[in-house]
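**Student:** Okay, handing you the structure first.
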Amino acid sequence: MSRYGTLAARAVVVALVSCVPARSVGHDDKETMPSLSKADALKWKDGPPSLPPGAQIAILEGNPAKPGPFVFRVKVPDGYKIPPHTHPKSERVTVISGTFNLGMGDKFDATKTEALPAGTYGTWPAGMKHFVWVKGETVVQFHGDGPWVIEYLNPADDPRTKK
């Protein structure tokens, strides 16, 4: 390559590098910083009243009770069950740990479920009748567009109606 070709190549590199905005290590502009939720630093709270007792929830993004995108995790103990229910919007679930057993239909039948081990992602449409039980302490991540709502098929199963 000629001397002029080498100088031209260097000029292009300098021009490209100068287009990248400088960023200091102590940058505090939260809009340009990543939002990170490390598993060992999640703040778990009692689950919402719409879930049977024993659930814990950690909100990672947004507010599932309001319109807009959300991400939350639910942690439940071994043997935890959610009776048959539906959601008015599509449900998107990733099993983080444990085994999430998913069944379809309007009657709870643990023998008619599919075991979804950690690492499984699933989505099902709005209005689909389903129920859940877990094996081992289980953490499941939900994401979608709020508000997130659960509607029990049998009103007697709704923990919000129990005292």
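**Student:** With respect to the numbered conditions (1) within 13 Å of ILE150 (Cα to Cα); (2) among the basic types (Lys, Arg); (3) loosely packed, with under 13 Cβ neighbours inside 10 Å, which one is the sole condition not fulfilled by LYS107?
**Tutor:** Looking at each condition in turn, LYS107 falls short on (1).
**Student:** Please enumerate the residues belonging to the range 98-120 that are farther than 15 Å from TYR80 by Cβ, touching a helix residue (DSSP H, G or I) at 6+ places or on another chain (Cβ under 8 Å) and in a strand (DSSP E or B).
**Tutor:** MET104
**Student:** Suppose we filter THR138, THR123, THR94 for residues that are in a strand (DSSP E or B), of a type outside the set (D, E, K, R), free of Cβ contacts under 8 Å to residues at least 40 places away in the same chain and under 25 Å from GLY62 (Cα atoms); which single one remains?
**Tutor:** That would be THR123, the only listed residue that is in a strand (DSSP E or B), of a type outside the set (D, E, K, R), free of Cβ contacts under 8 Å to residues at least 40 places away in the same chain and under 25 Å from GLY62 (Cα atoms).
**Student:** Can you pull out the residues in the range 149-163 that are at pLDDT 95 or above, over 12 Å from PRO84 (Cβ atoms) and in a helix (DSSP H, G or I)?
**Tutor:** So in the range 149-163, the residues at pLDDT 95 or above come out as 149-160.
Retained after the next criterion (residues that are over 12 Å from PRO84 (Cβ atoms)): 149, 159-160.
PRO159, ARG160, listed by residue number.
The values are calculated or read from the model by the stated rules, or taken from the named source; none is laboratory data. Model, not experiment: these values are computed from the prediction. FYI the Cβ positions are ideal-geometry reconstructions off the backbone, even for glycines, and counts take in every protein chain you see.
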